[in-house]
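First the structure, in the form of structure tokens, and then the observations on it.
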Amino acid sequence: MSRTWQITLSNLQALPGRWGNSLATIFGMAAVSGVLAPALMMTSALEATMDATSRDGWVILVRQGAVVESMSSVSRASVELVRALPALKDADVHPQFVTNVVKPRRENSAILSSVLVRGISARDTATWGAQRIITGRNIIPGRHELLAGYLAAQAFERLTVGSTVLVNGVEWLIVGSFEAPGAASSELRGDLATLMDGAKATSYSSIRMNLPEPVQLADLNAAIQDDRRLKLDASPEEEFFELGTSAVLFEFVAYVVSTIMAVGATFASINVMYTSIDNRTLEIATLRALGFPAGTIAASILTESTLLAIVGGVLGLLISWSLFHGTTHTSGSMSSVVAPLGLSPDIAGTALVWSIAVGLVAGLPPAVRATRMSIAEGLRWEG
Amino acid sequence: MKFTFLILGGLRRRTTRTVLTMLTATIAFFLLGVMTGVIDAINTLTASLHDDRLRVVSRAGFGEHMPVAHANGIRNLDGVSIAAPALAFPGYYQDPGNAFGGAAVEMSSYLSAFPELVLSGRERKALLETQSGATVGAALARRFNWQIGDEVPLISTYLVNKDGNKTWPVKVVAIHNESNNDSKILANEIYVNIAYVDEYRADQSGVAHMFVVGLDGTVPTGNVIASIDALFANSGNETSSFSEKAFFTNRLQQVGDVGAVVRAILASVFFALLIVLGSASIQSVNERKKEFGTLKAIGFSAAGVAGLIFSETAVLIGVSAFAGLLIASISFPFLFEQIAVANMYLSADVWLLGMNIALTLSALVALRPMFLLARLEPAQVHARV
């Protein structure tokens, strides 16, 4: 083992003399990790946001077939019917109302996106996503006041404290900004009754509830089916909010493109390593003649190839970090979700695993060639 | 002739290196072909959109409902010739993998609003007379193997019928856009009668997601847009009207600036490729200094040797570019069909762009070795022997 190290080390010490050749591996792998890492940053940010949006044990009820809350309506009568379901006699039933405002994005005001405005009742603010006021003050029910999620205020124009927003033709004043888990920070928040009044709405959009201990989702859906007047679908929050994201497709495309790029980087790196052993034919033949085993030589080639790929992978990560870490990504057309981007250790780890894989695969054919080389011919090599 | 021989000889000298370099380049050009192909397809689609047709959606956002009765108000406005209500009707056939896009529409007004929806007179008549009738795009009919007269159960993604499920049996009475010259987007959609959906849906009949508005040209488009939105201001169901082109460009941008992402990815791919090709080329020329010295010694001019180097690089890159773009154009229609957007083929523009890039790359890559060799004195390389 120590001999492998010695050879690898002496090999690497000579590396600066042939940087030109190694650049192909480094930049090839940098391009792969520079595409893979930002793509994973985006999808994991969206997934994390959606995860934080849903709470364990909570269910959401919407009109049958609605896939987003803004496409759903739940009449006041339905809310009373749900409250009266025998299975739910201990449950706390929270109706909510959502509507949309269209806002230009800060990064490019030509892009208009829908921002969700959510009405929740005053007693819900405690249970509803632990809202923390960052600037300004809380809303006072009865007044036309709204809170802006801090990510929404960051991503869209004119949502700062003191701005007015037109919701369904009525002006509302933004009196504070708040932070809450998940997509809530990308929304505007108002008082349920005041907001519905202002929007002249007669039905709610959804019902949220934490199912009381023995009650299962199946029981709830059965109870809803039994009552012909109720045309609602109940689903766990995590399932409902998962539906609304396109992160899965995006991640798939990102992996496909990165894989194709990685194959290209592998071909380029095989070339680099062939050239590297060609340049060292005499050196390798001499070591073999001195009695160093072929495995040791092969290991030193694999190590060189892997290290070069890792240098490239790290370079790609550094570029991704400097460009995207700490920024936000806005997505969604029905209602926007603003997700903060961060280069997590997981993502960095994935990019490094890819680098190691490319390095090992690319090092293999040259390593095999080096071990099969005829010592006698190698010693006569003139370069 | 002697050049061809020399070029091929140079490339064959290290077959492994040439093959690996070409594979790397082929992959880069494949990515270029597919990704710019997607952007190009989006641009082609937007270019085919009409400036003189409007899309009216709810001000609350696309996907929100408006009363169908809005159509009557819009129709009475000056400058409007047609107002066709449409309700989104996405769904699938048998398996969620067999997804389709489409709409439940008021058939007579919708057909007049879309002259590019091509039907025979007999099909048009059957469609207007059959409540559960549907017209299916030719590409979709081929995909699902449907014939005129077939009764097919469509599964809607969100419309619930009176039985409490999402199955909507329809009769295929027309197949539209069968000719290759017809719009490929429409050839992938299904249209059913909104009256049929309204009669059997569980709740909320009489609503639409969109009105397609045809103009008679007597009033400027901007004025019609303003008067439609003014008509429903403060109504509780306010509208946002756009020209068709503005509407779709806006929606595409909402998905994310696909173009910018694609350009960034391709820029990094081709920068890496430039380094790969450059280092392979310098390596190869360094190994052959002696040979180039000999060529110069037997009377090749400096320009001749430079031309040889450039040609060798250009052949290597050109062949790879051709192979990459060829694979891209063969797989492109198939890839696009998978995401069920439209039947698209890689355009000549993408080929032109690819070949331009190949030529530029060849020049950049060959530059450094050409420079090295220009200074090369035949005596210098042979002195050592």
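The values are calculated or read from the model by the stated rules, or taken from the named source; none is laboratory data. The shown structure was predicted, so the numbers you read here are calculated from the model rather than taken from an experiment. Cβ: placed from backbone, ideal geometry, glycine included. Neighbour counts: every protein chain shown. Ligands, DNA and RNA are excluded from the accessible area calculation, which covers all protein heavy atoms including side chains. Shrake-Rupley method; radii C 1.70, N 1.55, O 1.52, S 1.80 Å.
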Six or more apart or on different chains, Cβ under 8 Å: which pairs go from a residue in region B:1-24 that's in contact (Cβ under 8 Å) with a residue 24 or more places away in the chain and within 9 Å of chain A (Cβ to nearest Cβ) to one that's of a type in the set (Lys, Arg) and surrounded by 11 or more Cβ atoms within 10 Å (Cβ to Cβ)? Could you list them? none
Mind checking whether some residue in region B:184-198 is surrounded by fewer than 21 Cβ atoms within 10 Å (Cβ to Cβ), touching a residue at least 12 places away in the same chain (Cβ under 8 Å) and out of contact with any strand residue (DSSP E or B) (no Cβ under 9 Å at 6 or more places or on another chain)? no
Scan region B:43-56 for residues that are of a type in the set (A, V, I, L, M), outside any loop (DSSP other than H, G, I, E, B) and surrounded by fewer than 20 Cβ atoms within 10 Å (Cβ to Cβ) and jot them down. B:Leu45, B:Ala47
So in region A:123-135, with the set limited to residues that are modelled with pLDDT of 75 or more and open to solvent by less than 60 Å² (accessible area, probe 1.4 Å), which one is nearest to B:Ser58 (Cα to Cα)? A:Gln131
Go through the residues of region B:294-316 one by one and say whether even a single one is without any contact (Cβ under 8 Å) to a residue 12 or more places away in the chain, assigned by TED's automatic domain parsing to the domain that holds B:Arg368, open to solvent by 30 Å² or more (accessible area, probe 1.4 Å) and not in a loop (DSSP other than H, G, I, E, B). yes
Please verify whether A:Ser113 is in a strand (DSSP E or B), assigned by TED's automatic domain parsing to the domain that holds A:Leu166, polar (S, T, N, Q) and at pLDDT below 85, treating the condition exactly as stated. yes
Filter region A:199-252 down to the residues that are in a helix (DSSP H, G or I), over 28 Å from the mean Cα position of the chain (by Cα) and not acidic (Asp, Glu), then identify the one that is farthest from B:Val262 (Cα to Cα). A:Ala223
Determine the pairs where a residue that is over 15 Å from B:Asp40 (Cβ atoms) and at the interface with chain A (Cβ under 8 Å from one of its Cβ atoms), located within region B:253-265, has a partner that is part of a helix (DSSP H, G or I) and at pLDDT 55 or above with Cβ atoms under 7 Å apart, the partner being 6 or more residues away or on another chain. B:Ile265/A:Val35; B:Ile265/A:Val257; B:Ile265/B:Met35
For region A:199-222, which positions are under 21 Å from B:Asn165 (Cβ atoms) and open to solvent by less than 20 Å² (accessible area, probe 1.4 Å)? A:Leu220
For region A:165-175, indicate whether the set of residues that are assigned to a strand (DSSP E or B), aromatic (Phe, Trp, Tyr) and within 14 Å of another protein chain (Cβ to nearest Cβ) is non-empty. no
Residues that are crowded, with 21+ Cβ neighbours inside 10 Å, at least 3 per element: which strands (runs of 3 or more DSSP E) completely within region B:71-113 meet that? B:80-88, B:99-105
Which listed residue is open to solvent by less than 30 Å² (accessible area, probe 1.4 Å) and touching a helix residue (DSSP H, G or I) at 6+ places or on another chain (Cβ under 8 Å), from B:Ser268, B:Ser205, B:Ser279: B:Ser279
Taking the condition at pLDDT below 85, open to solvent by less than 60 Å² (accessible area, probe 1.4 Å), in a helix (DSSP H, G or I) and farther than 30 Å from B:Ala374 by Cβ, does B:Asn237 pass? no
Could you list all residues from region A:256-265 that are more than 9 Å from chain B (Cβ to nearest Cβ) and in contact (Cβ under 8 Å) with a residue 40 or more places away in the chain? A:Ser258, A:Ala262
Yes/no for B:Lys162 being in contact with a Phe, Trp or Tyr (Cβ under 6 Å, 6 or more places away or on another chain), over 19 Å from B:Ser112 (Cβ atoms) and not polar (S, T, N, Q): yes
With the first residue restricted to region A:59-82 and required to be under 14 Å from A:Val98 (Cβ atoms), and the second required to be aromatic (Phe, Trp, Tyr), Cβ contacts under 6 Å at 6 or more apart or on different chains are A:Ile60/A:Phe240; A:Val74/A:Tyr204
A careful count of residues in region B:1-29 that are open to solvent by 40 Å² or more (accessible area, probe 1.4 Å), hydrophobic (A, V, I, L, M, F, W, C) and part of a helix (DSSP H, G or I) gives 7
One residue from B:Val197, B:Val213 being closer than 30 Å to B:Arg124 by Cα and away from chain A (no Cβ under 14 Å): B:Val213
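To keep it simple, each residue is scored yes or no on (1) at pLDDT below 70; (2) exposed (fewer than 13 other Cβ atoms within 10 Å of the Cβ); (3) among the hydrophobic types (A, V, I, L, M, F, W, C); (4) outside the structural domain of B:Lys290 (by TED's automatic domain parsing).
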| site | (1), (2), (3), (4) |
| --- | --- |
| B:Gly324 | no, no, no, no |
| B:Ile339 | yes, yes, yes, no |
| B:Ala342 | yes, no, yes, no |
| B:Asp349 | no, no, no, no |
| B:Leu352 | no, yes, yes, no |
| B:Leu364 | no, no, yes, no |
| B:Leu367 | no, no, yes, no |
| B:Leu372 | no, no, yes, no |
Please go through region B:273-287 and pick out each residue that is among the small types (Gly, Ala, Ser), facing chain A (nearest Cβ under 7 Å) and in contact (Cβ under 8 Å) with a residue 60 or more places away in the chain. B:Ala280
Before we move on, is B:Leu252 over 22 Å from B:Thr18 (Cα atoms) and modelled with pLDDT under 85? yes
Test of understanding: among A:Thr25, A:Thr43, which residue is within 11 Å of chain B (Cβ to nearest Cβ), surrounded by 14 or more Cβ atoms within 10 Å (Cβ to Cβ) and in a helix (DSSP H, G or I)? A:Thr25
From (1) more than 30 Å from B:Asn145 (Cα to Cα); (2) surrounded by fewer than 16 Cβ atoms within 10 Å (Cβ to Cβ); (3) of a type in the set (Asp, Glu), pick out the condition that doesn't hold for B:Glu64. (2)
Say we look at region A:48-103 and pick out the residues that are among the basic types (Lys, Arg) and open to solvent by 30 Å² or more (accessible area, probe 1.4 Å); which of these is nearest to the other protein chains (Cβ to nearest Cβ)? A:Arg76
